[in-house]
Amino acid sequence: MLAVMSIVMLLWLRRLPETLDPADVRPLDFGTMVAGWATVTRHRRAAGYMIASGMMQGALYGYLNSSEQIIAEVFGARALFPLIFACVAVGIAIANFSNAAIVERFGARRVSQSAVLAFMATSILQIVAALSGAETLWMFTALMMVNVGLVGFIGSNFGSIAMEDFGHMAGVASSYQSFAKTLLAATVGATIGQQYDGTTLPLAYAFLISAVVGLALVFWAERGKLFTRPGTAPRTPF
């Protein structure tokens, strides 16, 4: 099946026209790549959004690391794990499906930055639920579905914003940003997974910390001007 899909992808790629200006074609050598990586790293907005995206993606990885233990041990519902996991995934599926239309209307910054604030608020609700001792499996599932869905609005839009100034070197910039984000996310996710203590609190706290750090990085990257859209003044979503 993988071979068939690979062939289909290769055939489809032949239909896609090259959009890179011939003047921007870069030589394929290590020195050129390192120079490209340095350019991206020194770019304030790109670096800020790249790291922020890695933090938020790390929260998602932390959930993936902890979810089976939480569902099986905290809620005693090991047999329901596939169903719960699928229900949570519905959130990100909805986000991915609707993101383009929403961004078209409100802009990537307003959508993604509002999503980070909503992520923080939902994480606080998760903490309150965990501390109350009354958290149920379905309460956990609903809150996780919301937060995982919000990651869908955050990751893709943060990536788009980070790439705004690199159309002339999109390949190098995109690959470097993907590598850096994934490396950071894997590290954050592994750290979150190691904090599991038989409750949902470590995951909830980690979600909140990731969101706070992510928002602080975006605030730095945008020089304090949040909820903007190119050509417009800042405007909060509330």
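In segment 125-141 there is no residue that is in contact with a Gly (Cβ under 6 Å, 6 or more places away or on another chain) and closer than 18 Å to Gly58 by Cα. Could you say which residue among Lys181, Lys225 is within 18 Å of His43 (Cβ to Cβ) and not in a loop (DSSP other than H, G, I, E, B)? Unique residue meeting the criteria: Lys181.
Quick one: would you say Ala108 is in contact with a helix residue (DSSP H, G or I) (Cβ under 7 Å, 6 or more places away or on another chain) and either closer than 30 Å to Met145 by Cβ or of a type in the set (Asp, Glu) (or both)? In short, yes. It is to be established whether one or more residues within segment 156-166 are touching a Pro at 6+ places or on another chain (Cβ under 6 Å) and at pLDDT below 95. Looking through segment 156-166, none of the residues is touching a Pro at 6+ places or on another chain (Cβ under 6 Å) and at pLDDT below 95. A search for C-beta distances below 9 Å between a residue of segment 204-225 that is without any contact (Cβ under 8 Å) to a residue 24 or more places away in the chain and closer than 14 Å to Gly48 by Cα and any residue that is among the aliphatic types (A, V, I, L, M) and in a helix (DSSP H, G or I), counting only pairs 6+ apart in sequence or on different chains, returns Ala216/Ala52. Scan segment 92-112 and give yes if some residue there is of a type in the set (A, V, I, L, M) and under 15 Å from Gly214 (Cα atoms), otherwise no. Looking for residues that are of a type in the set (A, V, I, L, M) and under 15 Å from Gly214 (Cα atoms), one finds at least one in segment 92-112, hence yes. Taking the criterion of being surrounded by 22 or more Cβ atoms within 10 Å (Cβ to Cβ) and farther than 16 Å from Gln57 by Cβ, the only residue of segment 166-199 that qualifies is Ala173.
Please verify whether segment 124-139 includes one or more residues that are closer than 30 Å to Arg44 by Cα and within 13 Å of the chain's Cα centre (by Cα). Checked segment 124-139: no residue is closer than 30 Å to Arg44 by Cα and within 13 Å of the chain's Cα centre (by Cα). If the condition is being touching a residue at least 60 places away in the same chain (Cβ under 8 Å) and within 15 Å of Gln57 (Cα to Cα), then segment 113-122 contributes Gln113, Val116, Phe119, Met120. Among residues of segment 150-162 that are among the acidic types (Asp, Glu), none has a beta-carbon under 9 Å from a residue that is surrounded by fewer than 23 Cβ atoms within 10 Å (Cβ to Cβ) at least six positions away or on a different chain.
Restricting to segment 73-112, and then to whatever is without any contact (Cβ under 8 Å) to a residue 24 or more places away in the chain and basic (Lys, Arg), can you tell me which residue is farthest from Phe219 (Cα to Cα)? Among those that are without any contact (Cβ under 8 Å) to a residue 24 or more places away in the chain and basic (Lys, Arg), it is Arg78.
The values are calculated or read from the model by the stated rules, or taken from the named source; none is laboratory data. It should be emphasised that the depicted structure is a prediction, and the values quoted were computed from it without experimental measurement. Glycine gets a Cβ as well: all are built from the backbone with ideal geometry, and neighbour counts include every protein chain shown.
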